[in-house]
Structure formats: C-alpha cells, structure tokens
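The values are calculated or read from the model by the stated rules, or taken from the named source; none is laboratory data. This structure is a prediction, so every number in the text was calculated from the model and none was measured. Cβ: placed from backbone, ideal geometry, glycine included. Neighbour counts: every protein chain shown. Accessible surface is based on the protein model in full, side chains and every heavy atom, while ligands, DNA and RNA are left aside. Shrake-Rupley method; radii C 1.70, N 1.55, O 1.52, S 1.80 Å.
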Amino acid sequence: MNHSPRSGRVRVATNILVSLLILFLAPRSSAQATVSSPPPLLLGTEWYPEQWPESSWDADLAFMQQSGVHMVRVGEFAWSRMEPEEAKYDFDWLDRAITGAAKHNIYTVIGTPTAAPPAWLTQKYPETLRMNEDGRRDQHGNREQYNFANPKYRELARKIAEQLAKRFGHNPHVLGWQIDNEYEMASYDPETKAQFHQWLKARYGTLENLNARWTTAYWSQSYTAWDQIPIQVRYGNPGLLLSWMRFVSDTWRSYQKNQLEVLRTNSEPSKFITTNTMGWFDGYDHYVVEQDLDLAAWDDYVGEGHLDPVKNGFAHDLTRGFKQKNFWVMETQPGSVNWAGVNNALGKGEVRAMAWHAVGHGADTVSYWQWRSALNGQEQYHGTLLGADGTPVPLYAEVAQVGKDFEKAGPFLAGTSVKAEVAILHSYDSRWAINLQRHNKNYDPNVELGSYYAALRPIAQSVDVLPATANLSPYKLVVAPGLNVLSSAAAKNLIAYVRDGGHLVLGQRSGMKDDDNGLQPERQPGPLGELLGGRVEQYYALNDPVPIAGQWGPGESPFWAELLSAKDKDTEVLMRYGKSNGWLDGQPAAITRKVGKGHITYIGAWLDPKTMASAAKWMATISSVSTPLPNVPPGVEASVRQGPRGAVYILVNLSQQAQTISLPTPMGDVLEGSSKSSVNLPV
Ligand code: GLA
C-alpha cells in the first residue's frame with residue numbers, strides 16, 4: 001500500500017433526478033443555522049475554555065462561527081476545574097461556555113473528564129493509580145494514570161459524570177456525551193488480578209475445565225487454585241493470553257457502563273453517548289465495548305507523512321462497522337501533530353481532501369483537535385486553527401472552505417449512508433492470536449487484512465468491516481483473511497452464509513484456533529473444511545517468496561504459504577505454487593468450491609499486490625459485485641452514500657495530476673451547482 005497523495009480536490013455529485021428534487025430544499029447557510037437543529041454535516045473543533053480567560057471566549061467563538069464550526073467538544077480533561085475539591089462541583093463556567101457557544105450557533109458535546117484525574121484525587125486515593133507491568137505505580141502529571149478496575153476510581157468517576165448529566169442532560173445546546181478519552185491502558189495491580197481470577201471463574205466454572213481448555217498439562221501449568229493464575233501479556237499459554245485481553249475488554253466495558261448508566265438516567269434520550277477510539281488500536285475488543293454506545297467516533301491522525309486513502313479509509317470503515325451506521329471523526333489533525341518522528345504539515349488542500357474522504361466513508365462530523373494552542377502543557381507544538389495569540393493560522397482558511405462545502409452539501413447528504421455489497425471480517429481475537437505467535441516476524445495480520453481491502457475497495461467503492469458473527473445476508477461477497485480464532489458461533493454463521501448463496505473467501509491462517517486459542521481438532525479451516533472440500537495440509541513460514549501461478553496470473557507469495565489439498569470432486573484448484581522448498585512445488589495454493597448457489601474459496605498464499613488485484617476482480621465477478629462509478633482512474637477515490645432520495649458520489653483526487661471522469665449518467669455537481677456528464681478534478 002504505497003501511496004503518495006498530496007494536495008486534494010473534491011467534487012460532490014448527486015444524480016440529477018435526485019438533485020432536482022433536493023434543490024427545491026433551501027440549503028442552510030450559516031446565518032440560518034439555529035440551535036434547535038444541527039446541520040447534517042457537522043464541522044467541529046475541540047475547545048478548552050478552562051485554559052483561557054472568559055473575556056477571550058467570545059472572540060474565539062466568533063472565529064469558529066466564521067469558519068462554519070457548529071460543534072465544540074469540551075471538558076474531557078477539565079476535572080480539576082469541575083471539581084476543585086472532593087464533592088465541591090463548579091459547573092457555572094461550563095454553563096457559560098455552552099451558552100456562549102450557542103450564541104454563535106455552536107452545539108456542545110461534553111466529555112466526561114475521567115481521563116485526567118485531579119491531583120487531590122490521586123493524592124488522597126493513591127490506590128486509584130494504575131500499576132505498570134513491572135509493579136510501578138503511575139504518577140500524577142500526565143493523563144490516563146488511573147486504574148480502570150479500581151472501585152474507588154469508578155465511584156468518583158460515576159459521581160462527576162452524574163453531576164454533569166444532572167446539570168446539562170437537558171440542555172438544548174448539548175448534543176451528547178463522550179465518555180472519558182481514548183481508553184488505552186490496563187492496570188496490573190493485585191486488585192485487578194483478583195478481578196481477573198473472578199472473571200476466569202465466571203467463564204470456565206471449574207479449574208478442571210480451565211486446565212482442559214488451556215491444555216495446562218503442558219509445562220506443568222495445571223492450576224489447583226484460581227489465585228495461582230498469573231497475568232501474562234506477551235509470552236505464555238495462548239489460552240491465558242487471550243483470556244487476559246478478553247478480561248481487559250470486559251473491564252473497559254464495565255468501566256464505561258459505570259458512567260454510561262448515570263449519563264443515560266439523567267439525560268434526555270436524544271443525547272447520544274459515545275467514546276473516541278483510535279482506529280486499529282487493539283488494546284481491547286472494540287466490538288465488546290461499542291455495543292453499549294449510541295454512536296461510534298474515532299480520532300483520525302495521519303501523524304508523519306501524508307494521507308494514505310487506503311489505510312485511512314480502512315480505519316473509517318472499521319469504525320463504521322462498530323455500530324454499522326454513520327460515525328463521527330471526533331478528532332483530526334489541523335495540519336500537523338506533535339507526537340510523530342517528524343511532525344510535517346499536511347499539504348495545502350490535503351486537510352480538505354481528508355475531510356471529504358471521511359464523509360465519503362460515512363462520517364457525519366469532522367472535528368479538529370485542537371482549536372487554539374495552549375500557552376503551556378504537553379502539546380504546545382500540535383497543529384491548531386488559531387495560534388496562542390488568538391488569531392487564525394494559514395490553515396484556518398482551508399477549514400473555513402470545508403465549512404462552506406459542508407453547508408452546501410449537507411442537505412444532499414442528510415439521511416444518506418454507505419451501503420456495501422462486500423464485507424471484510426475482522427476479529428480482535430484473531431489479531432491477538434496471530435500477533436502473539438506470528439511464526440514469521442514479518443507476518444502482520446493487519447497488513448494481510450489491508451491487502452484484501454486495498455484490492456476490493458476500488459472495485460466495490462464501499463466495503464464494510466465487520467465481526468464474524470454479524471448478519472452477513474446483505475453481502476454478495478464476504479472475505480475473511482486471517483480469521484485465525486474461529487468460535488463455533490462464527491463458524492455456524494459462515495456456513496449458513498454460504499449455504500444461503502453467499503461467497504465466502506477465507507485467507508491464510510483461517511479456522512486454525514478454537515474459542516480458547518487452542519488448535520482446532522481438525523486441520524484448517526477447522527469446522528469449515530467439510531464445506532470447502534479441502535484443507536491445509538501444512539503451513540510454511542518463508543524466508544524467500546514462493547512463485548505462484550494459475551487463474552490470477554503469475555505472482556509470488558512472501559512471508560507464508562499454505563499447502564492445500566482439494567479432497568472433494570467439486571473442489572477446484574485456482575492457483576498452484578511454483579518451485580520452492582520442495583514440499584510446496586506444484587501444490588495447490590488456492591481452491592474453491594461451489595455449494596448450491598454459494599461459493600467457498602480458500603487462499604493459502606499471501607498474494608502480492610498485482611495477483612491480489614486480479615484475485616479481487618475474480619471474486620467480484622463471480623459474486624456479481626457492482627462498481628457504482630466505473631472508469632475512476634487510480635489516485636481518485638470514489639465513495640457513494642445512498643439515501644431515500646438517491647445516491648451521492650464523492651470523488652477525491654489524491655493524485656498529482658488533473659483527472660477527468662466521464663459519468664455514467666448526468667449528475668448535479670453539488671459544490672458548483674451545475675449539471676455534468678463528466679467531471680474535471682484539478683490538481
Ligand atoms: C489524542 C487525544 C487528544 C490529543 C491528540 C493529539 O487524539 O485524544 O487529547 O492529545 O491526541 O494528537
């Protein structure tokens with residue numbers, strides 16, 4: 001996935017029949033926006049009023065309004081300001097900030113401040129500080145130093161969230177809540193360990209069962225008491241390692257629930273509850289944690305370099321899959337960050353391209369972190385829209401352009417969402433299992449997933465990323481690269497999908513492990529082997545790429561090769577290995593079988609980009625996957641959002657050259673207001 005996108009230009013086009021209808025609706029201008037209804041496409045920013053004298057707020061808010069900002073997220077690190085002493089709450093300043101913003105037609109999202117506990121709290125209750133793996137307690141002075149499992153911390157977190165909800169849960173200018181900020185770090189203290197033992201007891205019932213499921217006869221690991229079980233995070237029994245990650249996921253869920261309950265009870269039901277996640281971060285299973293929220297939101301940072309539309313688009317699609325609906329970009333970078341090796345700025349036009357890229361993938365809000373450089377604190381060098389002096393930086397004008405775009409396009413995009421014919425299955429269990437035992441250090445399960453996505457996305461122009469237990473009936477093609485841990489529920493779901501006429505493509509290392517990270521008693525793909533009419537005879541970690549040839553042309557498999565066998569007479573061999581280690585020479589590398597109206601395919605090779613591109617074409621063709629907007633040249637990303645009134649196409653030119661695309665039917669250019677049968681996308 002090597003892209004070198006630079007400055008981007010966007011065009012948003014909507015089918016003309018639809019646009020004629022829509023054009024009768026007056027698009028809202030910023031002057032018409034009212035606090036009783038937020039615009040459908042929301043431009044936002046992260047604002048920290050607690051860092052500034054109140055006398056300066058209005059000037060900041062006026063600049064926000066001028067740029068088309070209609071949302072501020074506030075409060076997520078302001079605990080010491082909200083509760084300067086235990087149980088002494090001060091929310092008046094926040095009330096004034098919310099009211100002040102509303103005067104500028106700006107809505108507020110309130111972050112509960114629990115990612116940054118005040119100094120009095122950790123001094124008074126040192127047990128609330130998290131413990132590192134080496135037994136060292138974290139200190140005050142950064143953030144996220146709390147222990148997510150500690151009952152005292154949870155009690156104090158619940159109280160502040162409850163007070164906030166009581167005060168602002170019915171405020172018409174408040175749109176919703178963000179709980180905490182970027183859940184990240186677990187704690188390894190004795191209290192958390194005891195909770196882990198309870199969790200294991202609840203899952204396994206008896207030690208006898210646990211010992212059997214984990215095969216603890218291996219290396220004398222058999223346990224005779226729950227408290228003998230260690231916490232292991234990198235090297236250890238695979239059943240134990242996976243259990244710890246699942247415990248961490250459930251603990252984040254209950255950490256979140258603790259606040260969520262009081263927010264729900266004390267707020268109007270219309271106020272959403274979300275948290276901001278970090279793309280592919282795998283410190284916990286997001287499918288577990290997101291199930292209780294109303295909305296998925298993530299923090300979209302490029303860091304060093306430039307927008308990689310495939311990598312970034314994949315992360316958007318991952319986030320959209322958490323709730324299987326439109327999501328928010330809760331934070332994104334205004335030009336540059338401060339935490340990368342080289343904190344280069346995005347090129348002129350790239351921030352705007354990134355905003356539209358996000359909308360194309362289903363974002364309804366794009367919000368910039370942060371509004372204005374704080375005078376002091378750890379992030380002085382981070383990109384902002386205003387300098388510390390309170391006046392706009394050069395990027396402000398580009399973000400104001402995004403604000404104008406959103407005003408124009410919002411009415412067309414209202415009620416639209418991404419509808420995909422292709423789904424890629426993603427599993428935290430499988431990623432953990434592979435990463436814990438890569439077997440070839442170069443085997444990155446995310447890169448494997450991404451290689452399928454990169455080839456399928458330009459064909460389908462929308463791809464959903466889902467867990468293996470999701471409802472798969474809407475999809476013509478379901479791809480499961482690296483579905484290493486296959487629970488019986490997931491296996492049942494996949495078998496039913498194929499029997500109902502779907503096309504399931506399994507990638508390397510699929511169906512190898514059971515729900516406890518133990519080897520399946522059958523060879524890969526375990527419970528799916530019968531349906532496939534074939535299996536993996538042996539897997540090989542590779543030093544050198546192995547040649548492959550067949551239906552998808554000649555190519556090579558780096559890192560990994562699985563020697564397949566086609567046992568059933570209906571199982572067809574699609575690709576074979578060339579000369580390599582002797583064992584693989586001439587053996588099947590990809591097989592497929594037709595099952596009624598459905599298909600099941602197993603790809604045992606890691607496909608190089610060219611071979612993957614032709615494999616993707618093959619998959620799409622035999623599954624009748626459509627390309628909504630044909631003839632889109634490389635370097636231009638096309639996305640489609642569909643709604644009751646028609647389709648909206650979003651084209652982002654991330655190449656270094658001007659592009660012309662002829663449209664299959666005349667469409668209205670929403671940004672320019674004209675009808676077109678071809679669009680020019682300048683550099
Ligand atoms: C994260 C945090 C923000 C800020 C940014 C900086 O996303 O949520 O508070 O630190 O990073 O890039």
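Taking segment 344-364 as the range and being assigned to a loop (DSSP other than H, G, I, E, B), within 21 Å of N276 (Cβ to Cβ) and over 17 Å from the mean Cα position of the chain (by Cα) as the test, only L346 passes.
In this entry, N338 passes the filter for residues that are surrounded by fewer than 16 Cβ atoms within 10 Å (Cβ to Cβ), within 16 Å of the ligand (Cβ to nearest atom) and either at negative phi or among the β-branched types (V, I, T) (or both). Taking the criterion of being charged (D, E, K, R) and within 16 Å of the ligand (Cβ to nearest atom), no residue of segment 225-284 qualifies. Is it true that R143 is among the charged types (D, E, K, R), within 16 Å of the ligand (Cβ to nearest atom) and either surrounded by 16 or more Cβ atoms within 10 Å (Cβ to Cβ) or within 26 Å of the chain's Cα centre (by Cα) (or both)? Yes: the conditions hold for R143.
Return the residue satisfying two criteria in turn: it lies in segment 63-85 and is touching a residue at least 60 places away in the same chain (Cβ under 8 Å) and over 21 Å from T275 (Cβ atoms), and of such residues it is farthest from the ligand (Cβ to nearest atom). First the steps, then the outcome.
Initial filter on segment 63-85 (touching a residue at least 60 places away in the same chain (Cβ under 8 Å)): 63-64, 66-69, 71-73, 75-77, 79, 82-83.
If we keep only those that are over 21 Å from T275 (Cβ atoms) too, we end up with 63-64, 66-69.
Numbers: F63: 20, M64: 18, Q66: 24, S67: 20, G68: 22, V69: 18 Å.
Among residues in segment 63-85 that are touching a residue at least 60 places away in the same chain (Cβ under 8 Å) and over 21 Å from T275 (Cβ atoms), the one farthest from the ligand (Cβ to nearest atom) is Q66.
The set of residues in segment 103-129 being under 27 Å from T277 (Cα atoms) and hydrophobic (A, V, I, L, M, F, W, C) consists of I106, V109, I110, A115, A116, A119, L121, L129. Taking every residue in segment 184-206 that is in a helix (DSSP H, G or I) and pairing it with any residue that is acidic (D, E) and open to solvent by 50 Å² or more (accessible area, probe 1.4 Å), at least 6 positions away or on another chain, the pairs with Cβ-Cβ distances below 6 Å are H197/D227. Picking from residues in segment 174-193 that are more than 17 Å from G279 (Cα to Cα) and of a type in the set (S, T, N, Q), the one that is farthest from the ligand (Cβ to nearest atom) is T192. Pairing each residue of segment 35-62 that is within 14 Å of W93 (Cβ to Cβ) and open to solvent by less than 50 Å² (accessible area, probe 1.4 Å) with any residue that is assigned to a strand (DSSP E or B) and at pLDDT 95 or above, provided the two are 6+ apart or on different chains, yields C-beta distances under 6 Å for W47/V72; W47/V74. Based on this model, can you work out whether V595 counts as touching a residue at least 24 places away in the same chain (Cβ under 8 Å), under 32 Å from the mean Cα position of the chain (by Cα) and open to solvent by less than 50 Å² (accessible area, probe 1.4 Å)? No; evaluated as a whole, the condition is false for this residue. Of the numbered criteria (1) within 17 Å of Y287 (Cβ to Cβ); (2) free of Cβ contacts under 8 Å to residues at least 12 places away in the same chain, the one L519 fails is (1).
On the stretch given as segment 301-328, residues that are open to solvent by less than 10 Å² (accessible area, probe 1.4 Å) and within 11 Å of the ligand (Cβ to nearest atom) total 1. Checked against the criterion of being of a type outside the set (D, E, K, R), within 16 Å of the ligand (Cβ to nearest atom) and farther than 21 Å from S55 by Cα, segment 86-109 has at least one qualifying residue. Comparison of N150, N132, N171 shows that the only residue that is of a type in the set (S, T, N, Q), touching a residue at least 40 places away in the same chain (Cβ under 8 Å), crowded, with 21+ Cβ neighbours inside 10 Å and away from the ligand (no atom under 16 Å from the Cβ) is N150. For the condition over 32 Å from the mean Cα position of the chain (by Cα), at pLDDT 95 or above, of a type outside the set (S, T, Y) and within 13 Å of A78 (Cα to Cα), W120 does not qualify.
Remark: pairs (first residue in segment 286-299, modelled with pLDDT of 95 or more; second residue in a strand (DSSP E or B) and more than 16 Å from the ligand (Cβ to nearest atom); Cβ separation under 6 Å; 6+ apart in sequence or on different chains) = L293/I273; D294/F272; D294/I273; L295/F272. The set of residues in segment 469-498 that are surrounded by fewer than 24 Cβ atoms within 10 Å (Cβ to Cβ), touching a helix residue (DSSP H, G or I) at 6+ places or on another chain (Cβ under 6 Å) and among the small types (G, A, S) contains only A491.
Within the span defined as segment 366-377, one or more residues are within 16 Å of the ligand (Cβ to nearest atom), charged (D, E, K, R) and within 25 Å of A62 (Cα to Cα). Contact map, segment 378-391: first residue without any contact (Cβ under 8 Å) to a residue 24 or more places away in the chain, second residue in a loop (DSSP other than H, G, I, E, B) and away from the ligand (no atom under 14 Å from the Cβ), Cβ cut-off under 7 Å, separation 6 or more or different chains; pairs are G387/V393; A388/L375.
Considering only residues of segment 244-285 that are farther than 20 Å from E184 by Cβ and hydroxyl-bearing (S, T, Y), which is most open to solvent (accessible area, probe 1.4 Å)? Only one residue fits best here, namely T265. Would you be able to say whether some residue in segment 604-623 is open to solvent by 20 Å² or more (accessible area, probe 1.4 Å) and among the β-branched types (V, I, T)? Yes. Taking the conditions exactly as written (touching a helix residue (DSSP H, G or I) at 6+ places or on another chain (Cβ under 7 Å), open to solvent by less than 10 Å² (accessible area, probe 1.4 Å) and farther than 15 Å from L41 by Cβ), does V351 satisfy them or not? Considered against the rule, which asks whether it is touching a helix residue (DSSP H, G or I) at 6+ places or on another chain (Cβ under 7 Å), open to solvent by less than 10 Å² (accessible area, probe 1.4 Å) and farther than 15 Å from L41 by Cβ, V351 comes out as yes.
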